[in-house]
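Shown next, in structure tokens, is the structure this report addresses.
The values are calculated or read from the model by the stated rules, or taken from the named source; none is laboratory data. A quick note: this is a predicted structure, and the numbers were derived from the prediction, not measured. Because the Cβ atoms are built from the backbone with ideal geometry, glycine has one as well, and the counts that use them run over all protein chains shown. Side chains are part of the model used for accessible areas, which takes the heavy atoms of the whole protein and leaves out ligands, DNA and RNA. Shrake-Rupley method; radii C 1.70, N 1.55, O 1.52, S 1.80 Å.
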Amino acid sequence: MREGARADTDEMDNDRGAGLDRAHALAVQWLDSLAARPVPPRLTSEEMAGRLERVLPAGPTNIAAVVDELAAACDPGLTAMPGGRFFGFVIGGTHPAALAVDWLVSAWDQNTGLRVLTPAHSAVEDLTEAWLLDLLGLPPGGAVGFVTGGTMANFTCLAAARDEVLRRHGWDVATQGLADSPGVRVLVGAERHDTIDLALRYLGLGSPEAVAADDQGRIEPAALAAALEAGDGRPTTVCLQAGNVHSGAFDPFAPCIAAAHDAGAWVHVDGAFGLFAAASPARRHLVAGFEDADSWATDAHKTLNVPYDCGLAIVRDRAALRAAMGMHGDYLIHDVAGEPLDKVPEISRRGRAFPVWAVLRALGRNGVADLVDGFCAHARAFADGIAAIDGAEVLNDVDFTQVCASFGGDDHTRGVVEAMLADGTAWTTGSRWRGRAVLRVSVSNWSTTDEDVAVSLDALRRAAAR
Ligand SMILES: *Cc1c(COP(=O)(O)O)cnc(C)c1O
């Protein structure tokens, strides 16, 4: 090797080491700051834009300096989402085991689509698939695709559903397309998550037919049975929900799945954050009968607390999933066990199974149950604390991780949401549910403590008393 080339390599190694050291130090600094820093960001995206160097430099910059520059510029625009007092949307935290392993995922940089390329990830993915099916009490022969999130998990499962119900009517979507097909009728609960509609749009299925829901947002089994009966004989898919984002409620799976299967329909369950109720013996009753469905979507980056982005597309019939997602190009090496890329829309992707394996390995079966039960206990504490505030009312049955509250009139409730943001102690979400303005609390972070809930309730009392 030329002397100059060796010197360049040495310099790069030093540069790399220094860059990684800086990233590690800054990551730890960030995590340590979460307990004390205000939860909301201090600057808007427009204000943040002014902190970044606008001119793309012509030449190289030392890696540690690049890392430092970004971290310094970004700090005021970061939200304390991984902290214990972020209760907005349904976000999930990052368990330290999953975070540590996620760093390795980037360093290892494995393209995990094919077994022959990355046997380590394939073996871990197979094992994690088996662990997840066992933990959730789902059919052991099912397939788990590791996708980017709940939206893509719904998309992936509903693609398998679309192709299979049409196949049963003698139509092959892969070769014949959709244009002249019998079409697919899709029945959903009135309070399904919007991403179901999005997935159906991506799949060329148009808008679904909404079936009435009860006061907790659960699909009405009698209304579903009537809708199925009024069917025109077209191929049908039914989408149920495990975990309503407002109430945390679960659809009544047993009667709905039985009616749907009697009608020859495929049943899909969107359990983006609620599916993991199945992993807790104390909450398992919430999902009773859900194991009879045909597919289930969930997020590992929500309740299971792995970093973004990781969703799980679970399908009972592996062949149906492979038929919908598999790629059969001649240059791809195909293993008899099936390729990981046959279960997901992507060809190239990162090693998403590694952090999922890590959190399951670190927590164990009981640890996952404790994680879920802890979220539920903190949601219960929020509900009790809110109910004791003058004029406040908890609008949902708090059986899971979500609390939906009104603080009197809609204007006052919206004012409480704004005052919470201005206060900065905790992040809660403003929303509308069943015709009323609501403040929503979602508990989904392993690091939330009793003290976090107590100081957040103090903030809510201050906001409500304004
Ligand atoms: C979050 C969520 C989704 C979408 O998941 P992403 O990971 O954000 O794509 C779908 N359904 C429900 C019920 C959700 O809570």
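The single residue among LEU286, LEU275 that is closer than 30 Å to ASP370 by Cβ, assigned by TED's automatic domain parsing to the domain that holds ASP134 and in contact with a Ser or Thr (Cβ under 7 Å, 6 or more places away or on another chain) turns out to be LEU275. Check whether at least one residue in the range 58-67 is in contact with a helix residue (DSSP H, G or I) (Cβ under 9 Å, 6 or more places away or on another chain) and under 25 Å from TRP427 (Cα atoms), and report yes or no. Taking every residue of the range 58-67 in turn, none turns out to be in contact with a helix residue (DSSP H, G or I) (Cβ under 9 Å, 6 or more places away or on another chain) and under 25 Å from TRP427 (Cα atoms). Does the range 104-120 include one or more residues that are crowded, with 18+ Cβ neighbours inside 10 Å, modelled with pLDDT of 95 or more and either charged (D, E, K, R) or under 21 Å from the mean Cα position of the chain (by Cα) (or both)? Checked the range 104-120: at least one residue is crowded, with 18+ Cβ neighbours inside 10 Å, modelled with pLDDT of 95 or more and either charged (D, E, K, R) or under 21 Å from the mean Cα position of the chain (by Cα) (or both). For the range 399-428, a tally of residues being crowded, with 20+ Cβ neighbours inside 10 Å and touching a Lys or Arg at 6+ places or on another chain (Cβ under 6 Å) returns 3.
Residue pairs, Cβ under 7 Å, 6 or more apart or interchain, first in the range 300-314 and touching a residue at least 12 places away in the same chain (Cβ under 8 Å), second aromatic (Phe, Trp, Tyr) and open to solvent by 10 Å² or more (accessible area, probe 1.4 Å). List them. So the pair list comes out as HIS301/TYR308; ASN305/TRP446. Annotation note: of GLY88, GLY113, GLY83, the sole residue that is within 16 Å of the ligand (Cβ to nearest atom) and outside any helix (DSSP H, G or I) is GLY88.
For (1) in a helix (DSSP H, G or I); (2) of a type in the set (Phe, Trp, Tyr); (3) open to solvent by less than 10 Å² (accessible area, probe 1.4 Å); (4) in contact with a strand residue (DSSP E or B) (Cβ under 9 Å, 6 or more places away or on another chain), each residue gets a yes or a no:
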position	(1), (2), (3), (4)
MET152	yes, no, no, yes
CYS157	yes, no, yes, yes
ARG162	yes, no, no, yes
VAL165	yes, no, yes, yes
ALA174	yes, no, no, no
LEU187	no, no, yes, yes
ARG192	no, no, no, yes
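Conditions: (1) within 24 Å of LEU205 (Cβ to Cβ); (2) at pLDDT 95 or above; (3) open to solvent by 10 Å² or more (accessible area, probe 1.4 Å). ALA319 meets all but one. Number of the miss? That leaves (2) as the condition not met.
The residues on offer are ALA323, ALA319, and the sole one that is free of Cβ contacts under 8 Å to residues at least 24 places away in the same chain, part of a helix (DSSP H, G or I) and either in contact with a strand residue (DSSP E or B) (Cβ under 8 Å, 6 or more places away or on another chain) or away from the ligand (no atom under 16 Å from the Cβ) (or both) is ALA319. Only one of the numbered conditions (1) among the hydrophobic types (A, V, I, L, M, F, W, C); (2) open to solvent by 10 Å² or more (accessible area, probe 1.4 Å); (3) under 28 Å from MET81 (Cα atoms); (4) part of a loop (DSSP other than H, G, I, E, B) is violated by ILE347, and that is (3). Looking at ALA179, ALA210, just one residue is open to solvent by 50 Å² or more (accessible area, probe 1.4 Å) and closer than 16 Å to ALA265 by Cα, and that residue is ALA210. At negative phi, open to solvent by less than 60 Å² (accessible area, probe 1.4 Å) and not hydrophobic (A, V, I, L, M, F, W, C): is that true of GLY77 in this structure? Yes; evaluated as a whole, the condition is true for this residue.
Look at the range 327-349: where a residue is farther than 17 Å from GLU129 by Cβ and a partner is open to solvent by 60 Å² or more (accessible area, probe 1.4 Å) and at pLDDT 75 or above, sitting 6+ places away or on another chain with Cβ atoms under 6 Å, you get ILE333/VAL116; SER348/ASN111.
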